[in-house]
Amino acid sequence: MKKIKVMSVFGTRPEAIKMAPLVKELARREGIESLCCVTAQHREMLDSVMQVFDLRADADLDIMTPRQTLSTITCKCLTGMDEVIDRFAPDMILVHGDTSTTFAGALSAFYHKVKIGHVEAGLRTYDKYSPYPEEMNRQLVTRLADLYFCPTENNRANLAREGVTEGVFVTGNTVIDALKTTVRKDYRFTTELLNELDYANRKVILVTCHRRENYGQPMEDIMSALAELAGTHPEAELVYPVHLSPVVQECAHRHLDGIGNVHLIAPLSADEMHNLMARCYMVMTDSGGLQEEAPALGKPVLVLRRETERPEAVAAGTVKLAGVERDAILALANELLNDPAAYAAMAHAVNPYGDGHACARIADAIEWYFGLRAERPEDHRA
Ligand code: UD1
Ligand code: UDP
(Lines give C-alpha, C1' and ligand atoms only; values in the text may rest on other atoms or scores of the structure.)
(Ligands and ions follow the chains in the order given, each with its own letter.)
Protein backbone atom coordinates (compact mmCIF):
# COMPACT_ATOMS: atom_id res chain seq x y z
CA MET A 1 0.00 0.00 0.00
CA LYS A 2 1.27 3.48 -0.87
CA LYS A 3 1.81 5.52 2.29
CA ILE A 4 0.42 9.04 2.71
CA LYS A 5 3.35 11.46 2.90
CA VAL A 6 2.86 14.03 5.67
CA MET A 7 5.58 16.66 5.91
CA SER A 8 5.86 18.73 9.09
CA VAL A 9 7.46 22.12 8.42
CA PHE A 10 8.82 24.21 11.29
CA GLY A 11 11.71 26.52 12.08
CA THR A 12 11.62 28.11 15.54
CA ARG A 13 12.05 26.72 19.05
CA PRO A 14 8.37 26.74 20.08
CA GLU A 15 7.17 25.18 16.82
CA ALA A 16 9.75 22.42 17.18
CA ILE A 17 8.81 21.64 20.80
CA LYS A 18 5.13 21.45 19.87
CA MET A 19 5.63 19.50 16.63
CA ALA A 20 8.16 16.98 17.97
CA PRO A 21 5.60 14.65 19.58
CA LEU A 22 3.43 14.86 16.46
CA VAL A 23 6.23 13.99 14.05
CA LYS A 24 6.85 10.91 16.19
CA GLU A 25 3.18 9.98 16.49
CA LEU A 26 2.80 10.18 12.70
CA ALA A 27 5.88 7.97 12.26
CA ARG A 28 4.16 5.30 14.39
CA ARG A 29 1.18 5.15 11.99
CA GLU A 30 1.46 2.37 9.42
CA GLY A 31 -0.24 4.21 6.58
CA ILE A 32 1.78 7.41 6.98
CA GLU A 33 5.32 8.41 6.03
CA SER A 34 6.29 11.18 8.47
CA LEU A 35 8.72 13.68 6.93
CA CYS A 36 10.31 16.64 8.64
CA CYS A 37 11.47 19.86 6.96
CA VAL A 38 13.10 22.53 9.11
CA THR A 39 13.53 26.06 7.82
CA ALA A 40 15.95 26.79 10.69
CA GLN A 41 14.49 30.26 11.13
CA HIS A 42 16.17 29.65 14.49
CA ARG A 43 19.49 27.81 14.34
CA GLU A 44 20.92 27.07 17.80
CA MET A 45 17.54 27.18 19.55
CA LEU A 46 16.05 24.79 16.98
CA ASP A 47 19.00 22.39 17.03
CA SER A 48 18.69 22.12 20.81
CA VAL A 49 15.07 20.94 20.47
CA MET A 50 15.95 18.49 17.70
CA GLN A 51 18.53 16.97 20.02
CA VAL A 52 16.28 16.79 23.11
CA PHE A 53 13.49 15.06 21.19
CA ASP A 54 15.86 13.00 19.03
CA LEU A 55 14.44 14.33 15.75
CA ARG A 56 16.16 14.20 12.36
CA ALA A 57 15.35 16.64 9.56
CA ASP A 58 14.78 15.21 6.07
CA ALA A 59 15.40 18.71 4.70
CA ASP A 60 17.04 21.77 6.30
CA LEU A 61 16.70 25.18 4.61
CA ASP A 62 19.21 26.75 7.04
CA ILE A 63 17.85 30.27 6.50
CA MET A 64 18.73 32.09 9.74
CA THR A 65 20.82 35.25 9.67
CA PRO A 66 21.56 37.66 12.54
CA ARG A 67 18.91 40.39 12.95
CA GLN A 68 16.83 38.89 10.15
CA THR A 69 13.78 40.80 8.92
CA LEU A 70 10.28 39.41 8.43
CA SER A 71 10.63 39.76 4.64
CA THR A 72 13.90 37.87 4.40
CA ILE A 73 12.55 35.00 6.51
CA THR A 74 9.47 34.72 4.30
CA CYS A 75 11.36 35.01 1.00
CA LYS A 76 14.03 32.49 1.95
CA CYS A 77 11.43 30.00 3.20
CA LEU A 78 9.39 30.28 0.00
CA THR A 79 12.40 29.79 -2.25
CA GLY A 80 13.71 26.88 -0.22
CA MET A 81 10.32 25.16 0.01
CA ASP A 82 9.94 25.03 -3.80
CA GLU A 83 12.79 22.57 -4.10
CA VAL A 84 11.77 20.55 -1.04
CA ILE A 85 8.18 20.09 -2.22
CA ASP A 86 9.36 19.09 -5.69
CA ARG A 87 11.79 16.57 -4.20
CA PHE A 88 9.51 14.92 -1.63
CA ALA A 89 6.06 15.45 -3.22
CA PRO A 90 4.17 15.38 0.11
CA ASP A 91 0.41 14.72 0.20
CA MET A 92 -0.01 17.11 3.12
CA ILE A 93 2.09 19.78 4.78
CA LEU A 94 1.63 20.52 8.48
CA VAL A 95 2.50 23.95 9.82
CA HIS A 96 2.29 25.07 13.42
CA GLY A 97 1.06 28.23 15.08
CA ASP A 98 1.97 31.71 13.94
CA THR A 99 5.57 32.31 12.94
CA SER A 100 6.94 33.54 9.61
CA THR A 101 7.91 29.92 8.88
CA THR A 102 4.27 28.95 9.48
CA PHE A 103 2.94 31.48 7.03
CA ALA A 104 5.57 30.87 4.36
CA GLY A 105 5.24 27.08 4.75
CA ALA A 106 1.49 27.26 4.21
CA LEU A 107 1.78 29.69 1.30
CA SER A 108 4.34 27.48 -0.39
CA ALA A 109 2.13 24.40 0.06
CA PHE A 110 -0.74 26.34 -1.51
CA TYR A 111 1.40 27.37 -4.49
CA HIS A 112 2.14 23.68 -5.03
CA LYS A 113 -1.49 22.62 -4.42
CA VAL A 114 -0.46 20.47 -1.49
CA LYS A 115 -3.05 20.00 1.30
CA ILE A 116 -2.38 22.02 4.44
CA GLY A 117 -3.00 21.09 8.07
CA HIS A 118 -2.73 23.92 10.61
CA VAL A 119 -1.72 22.76 14.08
CA GLU A 120 -2.68 25.17 16.88
CA ALA A 121 -5.34 26.86 14.74
CA GLY A 122 -7.94 29.41 15.74
CA LEU A 123 -6.08 31.53 18.31
CA ARG A 124 -6.97 35.20 17.95
CA THR A 125 -6.63 38.67 19.43
CA TYR A 126 -8.12 40.38 16.34
CA ASP A 127 -5.53 43.12 16.85
CA LYS A 128 -3.43 43.22 13.69
CA TYR A 129 -0.31 44.47 15.46
CA SER A 130 -0.48 42.44 18.66
CA PRO A 131 1.07 39.94 18.68
CA TYR A 132 3.03 41.21 15.69
CA PRO A 133 3.29 39.70 13.13
CA GLU A 134 1.84 36.51 14.63
CA GLU A 135 -1.84 37.50 14.70
CA MET A 136 -1.85 38.14 10.96
CA ASN A 137 0.18 35.00 10.24
CA ARG A 138 -2.51 32.96 11.98
CA GLN A 139 -5.34 34.65 10.12
CA LEU A 140 -3.64 34.24 6.74
CA VAL A 141 -2.94 30.55 7.37
CA THR A 142 -6.61 30.07 8.23
CA ARG A 143 -7.49 31.22 4.71
CA LEU A 144 -5.00 28.76 3.20
CA ALA A 145 -5.52 25.61 5.28
CA ASP A 146 -7.61 22.48 4.65
CA LEU A 147 -7.53 20.95 8.14
CA TYR A 148 -7.56 22.87 11.42
CA PHE A 149 -6.36 21.41 14.71
CA CYS A 150 -7.67 23.69 17.46
CA PRO A 151 -6.30 23.32 20.99
CA THR A 152 -9.56 24.47 22.61
CA GLU A 153 -13.27 24.87 22.00
CA ASN A 154 -12.78 28.63 22.17
CA ASN A 155 -10.36 28.41 19.21
CA ARG A 156 -12.94 26.41 17.26
CA ALA A 157 -15.56 29.07 18.00
CA ASN A 158 -13.22 31.78 16.62
CA LEU A 159 -12.95 29.88 13.34
CA ALA A 160 -16.72 29.31 13.21
CA ARG A 161 -17.30 33.06 13.56
CA GLU A 162 -15.10 33.48 10.48
CA GLY A 163 -17.18 30.93 8.57
CA VAL A 164 -14.63 28.11 8.87
CA THR A 165 -16.48 24.98 9.96
CA GLU A 166 -15.22 22.23 7.62
CA GLY A 167 -12.19 20.16 8.59
CA VAL A 168 -12.04 21.60 12.11
CA PHE A 169 -10.99 19.37 15.04
CA VAL A 170 -10.60 20.23 18.73
CA THR A 171 -7.54 18.28 19.82
CA GLY A 172 -5.88 19.94 22.82
CA ASN A 173 -2.46 21.54 22.48
CA THR A 174 0.47 19.29 21.57
CA VAL A 175 2.64 21.21 24.06
CA ILE A 176 0.97 19.22 26.85
CA ASP A 177 1.99 16.00 25.05
CA ALA A 178 5.58 17.32 24.98
CA LEU A 179 5.51 18.35 28.63
CA LYS A 180 4.49 14.85 29.69
CA THR A 181 7.73 13.47 28.25
CA THR A 182 10.11 16.02 29.78
CA VAL A 183 9.09 16.76 33.39
CA ARG A 184 10.50 14.37 36.01
CA LYS A 185 10.72 14.66 39.81
CA ASP A 186 14.32 13.37 39.90
CA TYR A 187 15.52 15.49 36.94
CA ARG A 188 19.13 16.75 37.20
CA PHE A 189 19.98 19.92 35.29
CA THR A 190 23.07 20.24 33.15
CA THR A 191 23.10 23.98 34.00
CA GLU A 192 24.67 23.66 37.48
CA LEU A 193 23.10 26.90 38.82
CA LEU A 194 19.67 25.26 38.48
CA ASN A 195 20.72 22.32 40.70
CA GLU A 196 22.09 24.73 43.30
CA LEU A 197 19.03 27.00 43.65
CA ASP A 198 17.14 26.58 46.95
CA TYR A 199 13.64 26.13 45.54
CA ALA A 200 12.11 25.46 48.98
CA ASN A 201 13.35 28.60 50.72
CA ARG A 202 13.88 31.12 47.91
CA LYS A 203 11.19 32.44 45.56
CA VAL A 204 12.49 31.49 42.14
CA ILE A 205 10.89 33.62 39.44
CA LEU A 206 11.29 32.34 35.90
CA VAL A 207 11.43 35.17 33.36
CA THR A 208 11.39 35.25 29.55
CA CYS A 209 10.79 38.13 27.15
CA HIS A 210 11.31 38.32 23.40
CA ARG A 211 8.29 39.59 21.47
CA ARG A 212 8.73 41.96 18.55
CA GLU A 213 5.83 44.20 19.67
CA ASN A 214 7.68 44.67 22.97
CA TYR A 215 10.88 45.92 21.29
CA GLY A 216 11.64 49.52 22.36
CA GLN A 217 9.82 51.24 25.23
CA PRO A 218 7.75 48.27 26.42
CA MET A 219 10.88 46.12 26.78
CA GLU A 220 12.70 48.98 28.53
CA ASP A 221 9.82 49.22 31.04
CA ILE A 222 9.67 45.45 31.55
CA MET A 223 13.41 45.19 32.25
CA SER A 224 13.27 48.20 34.55
CA ALA A 225 10.41 46.58 36.50
CA LEU A 226 12.43 43.37 36.83
CA ALA A 227 15.44 45.28 38.20
CA GLU A 228 13.23 47.04 40.75
CA LEU A 229 11.57 43.77 41.74
CA ALA A 230 14.91 42.07 42.35
CA GLY A 231 16.11 45.04 44.45
CA THR A 232 13.01 45.13 46.67
CA HIS A 233 12.72 41.34 47.11
CA PRO A 234 16.00 39.88 48.36
CA GLU A 235 14.13 36.61 49.04
CA ALA A 236 13.56 36.21 45.27
CA GLU A 237 15.88 34.78 42.61
CA LEU A 238 15.09 35.85 39.06
CA VAL A 239 16.21 33.25 36.52
CA TYR A 240 16.09 34.62 33.01
CA PRO A 241 17.27 32.51 30.06
CA VAL A 242 17.78 35.28 27.53
CA HIS A 243 16.57 34.76 23.95
CA LEU A 244 19.42 34.95 21.41
CA SER A 245 17.87 37.91 19.55
CA PRO A 246 20.52 40.68 19.71
CA VAL A 247 17.78 43.24 20.46
CA VAL A 248 16.70 41.29 23.54
CA GLN A 249 20.26 40.46 24.64
CA GLU A 250 21.28 44.11 24.59
CA CYS A 251 18.24 45.34 26.53
CA ALA A 252 18.31 42.58 29.18
CA HIS A 253 22.03 42.92 29.90
CA ARG A 254 21.93 46.72 30.03
CA HIS A 255 19.22 46.69 32.73
CA LEU A 256 19.98 43.55 34.69
CA ASP A 257 23.72 42.83 34.63
CA GLY A 258 25.38 42.96 38.04
CA ILE A 259 22.24 42.45 40.16
CA GLY A 260 23.03 39.65 42.63
CA ASN A 261 19.68 37.88 42.59
CA VAL A 262 19.15 38.11 38.82
CA HIS A 263 20.63 35.27 36.79
CA LEU A 264 20.86 36.01 33.08
CA ILE A 265 21.64 32.66 31.48
CA ALA A 266 21.78 31.16 27.99
CA PRO A 267 18.58 29.74 26.48
CA LEU A 268 17.76 26.45 28.17
CA SER A 269 17.07 23.18 26.45
CA ALA A 270 13.36 22.31 26.48
CA ASP A 271 13.72 19.63 29.15
CA GLU A 272 15.70 21.96 31.43
CA MET A 273 13.14 24.70 30.90
CA HIS A 274 10.16 22.47 31.64
CA ASN A 275 11.75 21.09 34.81
CA LEU A 276 12.74 24.57 36.01
CA MET A 277 9.14 25.67 35.44
CA ALA A 278 7.90 22.70 37.47
CA ARG A 279 10.05 23.82 40.44
CA CYS A 280 9.80 27.62 40.31
CA TYR A 281 7.58 29.91 42.41
CA MET A 282 6.05 31.88 39.54
CA VAL A 283 6.57 32.88 35.90
CA MET A 284 6.80 36.33 34.29
CA THR A 285 6.79 36.13 30.50
CA ASP A 286 5.60 37.43 27.15
CA SER A 287 5.94 33.95 25.63
CA GLY A 288 2.98 32.13 24.16
CA GLY A 289 4.17 28.64 25.06
CA LEU A 290 4.90 29.44 28.69
CA GLN A 291 1.30 30.65 29.13
CA GLU A 292 0.20 27.12 28.27
CA GLU A 293 2.84 25.11 30.10
CA ALA A 294 2.97 26.91 33.45
CA PRO A 295 -0.77 26.53 34.24
CA ALA A 296 -0.49 22.79 33.61
CA LEU A 297 2.30 22.75 36.21
CA GLY A 298 0.31 24.84 38.71
CA LYS A 299 2.48 27.94 38.45
CA PRO A 300 1.07 31.49 38.46
CA VAL A 301 1.92 33.47 35.32
CA LEU A 302 2.11 37.22 34.83
CA VAL A 303 1.91 37.93 31.11
CA LEU A 304 4.07 40.86 30.00
CA ARG A 305 1.82 41.82 27.11
CA ARG A 306 -1.21 44.03 26.52
CA GLU A 307 -3.42 41.20 25.33
CA THR A 308 -3.35 37.47 24.83
CA GLU A 309 -4.70 35.05 22.26
CA ARG A 310 -4.75 32.46 25.05
CA PRO A 311 -7.61 33.60 27.32
CA GLU A 312 -8.42 30.14 28.71
CA ALA A 313 -5.88 30.17 31.55
CA VAL A 314 -6.82 33.78 32.39
CA ALA A 315 -10.41 32.58 32.80
CA ALA A 316 -9.18 29.66 34.91
CA GLY A 317 -7.36 32.09 37.21
CA THR A 318 -3.74 30.95 36.85
CA VAL A 319 -2.68 33.65 34.38
CA LYS A 320 -2.99 37.44 34.73
CA LEU A 321 -2.34 40.01 32.03
CA ALA A 322 0.19 42.37 33.60
CA GLY A 323 0.61 44.61 30.55
CA VAL A 324 3.89 46.31 29.69
CA GLU A 325 3.90 49.28 32.07
CA ARG A 326 6.40 49.26 34.89
CA ASP A 327 4.05 50.14 37.78
CA ALA A 328 1.32 47.72 36.72
CA ILE A 329 3.82 44.87 36.42
CA LEU A 330 5.30 45.68 39.83
CA ALA A 331 1.89 45.88 41.51
CA LEU A 332 0.92 42.37 40.37
CA ALA A 333 4.35 40.85 41.07
CA ASN A 334 4.44 42.39 44.55
CA GLU A 335 1.02 40.97 45.29
CA LEU A 336 2.13 37.46 44.34
CA LEU A 337 5.30 37.78 46.43
CA ASN A 338 3.72 39.40 49.50
CA ASP A 339 0.22 37.97 49.77
CA PRO A 340 0.01 34.19 50.35
CA ALA A 341 -3.75 34.17 49.69
CA ALA A 342 -3.32 35.91 46.31
CA TYR A 343 -0.57 33.42 45.45
CA ALA A 344 -2.61 30.39 46.50
CA ALA A 345 -5.57 31.60 44.44
CA MET A 346 -3.43 31.45 41.28
CA ALA A 347 -1.21 28.46 42.04
CA HIS A 348 -3.48 25.59 41.22
CA ALA A 349 -2.90 23.22 38.33
CA VAL A 350 -5.42 23.56 35.54
CA ASN A 351 -5.20 22.09 32.09
CA PRO A 352 -7.34 24.16 29.74
CA TYR A 353 -4.92 23.36 26.91
CA GLY A 354 -5.08 19.61 26.73
CA ASP A 355 -4.81 16.14 28.20
CA GLY A 356 -1.58 14.99 26.55
CA HIS A 357 -3.33 13.14 23.70
CA ALA A 358 -3.49 15.93 21.12
CA CYS A 359 -1.04 14.25 18.74
CA ALA A 360 -3.01 11.01 18.63
CA ARG A 361 -6.18 12.96 17.75
CA ILE A 362 -4.39 14.90 15.02
CA ALA A 363 -2.93 11.72 13.52
CA ASP A 364 -6.38 10.08 13.65
CA ALA A 365 -7.91 13.09 11.89
CA ILE A 366 -5.29 12.95 9.14
CA GLU A 367 -5.89 9.23 8.65
CA TRP A 368 -9.63 9.87 8.48
CA TYR A 369 -9.17 12.69 5.95
CA PHE A 370 -7.15 10.43 3.65
CA GLY A 371 -9.57 7.50 4.02
CA LEU A 372 -7.28 5.36 6.20
CA ARG A 373 -9.80 5.31 9.07
CA ALA A 374 -13.58 5.06 9.01
CA GLU A 375 -14.42 7.06 12.15
CA ARG A 376 -13.92 10.80 12.44
CA PRO A 377 -12.06 11.36 15.76
CA GLU A 378 -14.06 12.79 18.66
CA ASP A 379 -13.30 16.35 19.70
CA HIS A 380 -11.36 16.84 22.92
CA ARG A 381 -13.48 18.21 25.76
CA ALA A 382 -11.70 20.13 28.53
C1 UD1 B 1 10.30 34.11 16.34
C2 UD1 B 1 8.83 34.19 15.92
C3 UD1 B 1 7.95 34.39 17.14
C4 UD1 B 1 8.25 33.34 18.21
C5 UD1 B 1 9.73 33.30 18.50
C6 UD1 B 1 10.02 32.16 19.45
C7 UD1 B 1 8.38 35.27 13.74
C8 UD1 B 1 8.15 36.52 13.03
N9 UD1 B 1 8.64 35.36 15.06
O10 UD1 B 1 10.64 35.37 16.89
O11 UD1 B 1 6.59 34.28 16.75
O12 UD1 B 1 7.54 33.70 19.38
O13 UD1 B 1 10.46 33.08 17.28
O14 UD1 B 1 11.24 32.28 20.08
O15 UD1 B 1 8.34 34.22 13.15
N16 UD1 B 1 18.68 34.06 16.92
C17 UD1 B 1 19.87 33.38 17.01
N18 UD1 B 1 19.83 32.02 17.20
C19 UD1 B 1 18.68 31.33 17.33
C20 UD1 B 1 17.46 32.04 17.25
C21 UD1 B 1 17.49 33.41 17.05
O22 UD1 B 1 20.94 33.95 16.92
O23 UD1 B 1 18.72 30.11 17.50
C24 UD1 B 1 18.72 35.54 16.72
C25 UD1 B 1 19.10 35.91 15.28
O26 UD1 B 1 19.88 37.07 15.30
C27 UD1 B 1 17.73 36.22 14.65
C28 UD1 B 1 17.02 36.85 15.82
O29 UD1 B 1 17.43 36.09 16.96
O30 UD1 B 1 17.84 37.06 13.52
C31 UD1 B 1 15.52 36.89 15.75
O32 UD1 B 1 14.98 35.65 15.35
P33 UD1 B 1 13.53 35.61 14.62
O34 UD1 B 1 13.15 34.20 14.38
O35 UD1 B 1 13.54 36.53 13.48
O36 UD1 B 1 12.58 36.29 15.69
P37 UD1 B 1 12.14 35.81 17.13
O38 UD1 B 1 12.03 37.01 18.00
O39 UD1 B 1 12.97 34.68 17.57
N1 UDP C 1 11.81 27.46 26.11
C2 UDP C 1 12.99 26.73 26.21
N3 UDP C 1 14.11 27.36 26.64
C4 UDP C 1 14.15 28.67 26.96
C5 UDP C 1 12.95 29.41 26.83
C6 UDP C 1 11.79 28.78 26.38
O7 UDP C 1 13.01 25.53 25.94
O8 UDP C 1 15.20 29.16 27.36
C9 UDP C 1 10.59 26.77 25.64
C10 UDP C 1 9.37 26.97 26.48
O11 UDP C 1 9.29 26.05 27.55
C12 UDP C 1 8.26 26.77 25.47
C13 UDP C 1 8.84 27.37 24.22
O14 UDP C 1 10.26 27.33 24.40
O15 UDP C 1 8.02 25.40 25.22
C16 UDP C 1 8.37 28.78 24.05
O17 UDP C 1 9.16 29.41 23.12
P18 UDP C 1 9.26 30.99 23.00
O19 UDP C 1 8.93 31.62 24.30
O20 UDP C 1 10.59 31.26 22.40
O21 UDP C 1 8.17 31.31 21.89
P22 UDP C 1 6.59 31.57 21.93
O23 UDP C 1 5.94 30.43 22.63
O24 UDP C 1 6.36 32.88 22.59
O25 UDP C 1 6.22 31.64 20.49
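Worth a mention:
- Count of residues meeting criterion [assigned to a helix (DSSP H, G or I), open to solvent by less than 50 Å² (accessible area, probe 1.4 Å) and among the hydrophobic types (A, V, I, L, M, F, W, C)] in region 94-111: 5
- Leading residue by the ranking (nearest to the chain's Cα centre (by Cα)) among those in region 192-221 that are open to solvent by 40 Å² or more (accessible area, probe 1.4 Å) and of a type in the set (Ser, Thr, Tyr): Tyr215
- Pick from region 34-93, criterion in a strand (DSSP E or B) and out of contact with any Ser or Thr (no Cβ under 6 Å at 6 or more places or on another chain), ranking: most open to solvent (accessible area, probe 1.4 Å): Asp60
- Screening Thr318 on (1) within 15 Å of ligand 2 (Cβ to nearest atom); (2) under 21 Å from Glu120 (Cβ atoms) shows it passes everything except condition (1).
- Neighbours by Cβ (under 9 Å, 6+ apart or cross-chain): first from region 331-342, of a type in the set (S, T, N, Q); second buried (at least 16 other Cβ atoms within 10 Å of the Cβ) and not in a helix (DSSP H, G or I): Asn334/His233; Asn338/His233
- Checked against the criterion of being of a type in the set (Val, Ile, Thr) and out of contact with any Phe, Trp or Tyr (no Cβ under 9 Å at 6 or more places or on another chain), the candidates Val204, Val183 yield just one match: Val183.
- Residue within region 253-264 that is within 14 Å of ligand 2 (Cβ to nearest atom), at pLDDT 95 or above and open to solvent by less than 30 Å² (accessible area, probe 1.4 Å) present: no
- Any pair with Cβ under 8 angstrom, 6 or more apart, that starts in region 69-84 at a residue that is small (Gly, Ala, Ser) and ends at one that is open to solvent by less than 70 Å² (accessible area, probe 1.4 Å) and within 11 Å of ligand 1 (Cβ to nearest atom): Gly80/Thr39; Gly80/Ile63
- Pair list, Cβ < 9 Å and 6+ apart or interchain, from region 192-209 residues that are free of Cβ contacts under 8 Å to residues at least 40 places away in the same chain and more than 15 Å from Val283 (Cβ to Cβ) to residues that are open to solvent by 50 Å² or more (accessible area, probe 1.4 Å) and not acidic (Asp, Glu): Asn195/Arg188
- Residue under evaluation Gln291, criteria (1) free of Cβ contacts under 8 Å to residues at least 60 places away in the same chain; (2) open to solvent by 10 Å² or more (accessible area, probe 1.4 Å); (3) not hydrophobic (A, V, I, L, M, F, W, C), criterion not met: (2)
- The C-beta contact set for region 229-251 (first residue aliphatic (A, V, I, L, M) and modelled with pLDDT under 95, second residue within 12 Å of ligand 1 (Cβ to nearest atom) and open to solvent by less than 20 Å² (accessible area, probe 1.4 Å), distance under 7 angstrom, 6+ apart or interchain) is empty.
- Ala278 buried (at least 19 other Cβ atoms within 10 Å of the Cβ), away from ligand 1 (no atom under 15 Å from the Cβ) and closer than 19 Å to Lys18 by Cβ: yes
- Applying the set (1) open to solvent by less than 30 Å² (accessible area, probe 1.4 Å); (2) touching a His at 6+ places or on another chain (Cβ under 8 Å) to Pro377 leaves exactly one unmet item: (2).
- Among (1) open to solvent by 60 Å² or more (accessible area, probe 1.4 Å); (2) in contact (Cβ under 8 Å) with a residue 40 or more places away in the chain; (3) within 30 Å of Glu153 (Cα to Cα), the one test that Ala178 misses: (1)
- Given (1) in contact (Cβ under 8 Å) with a residue 60 or more places away in the chain; (2) open to solvent by less than 10 Å² (accessible area, probe 1.4 Å); (3) within 16 Å of ligand 1 (Cβ to nearest atom), number of the condition Tyr132 does not satisfy: (2)
- Contact map, region 153-174: first residue surrounded by fewer than 19 Cβ atoms within 10 Å (Cβ to Cβ), second residue part of a loop (DSSP other than H, G, I, E, B), Cβ cut-off under 6 Å, separation 6 or more or different chains; pairs are Gly167/Asp146.
The values are calculated or read from the model by the stated rules, or taken from the named source; none is laboratory data. Being a predicted model, the structure only gives us computed values, none of them experimental. Heads up, the Cβs are rebuilt from the backbone with ideal geometry, glycines too, and the neighbour counts pull from every protein chain shown. The protein model used for the area step is the full one, side chains on, heavy atoms only, and it has no ligands, DNA or RNA in it. Shrake-Rupley method; radii C 1.70, N 1.55, O 1.52, S 1.80 Å.
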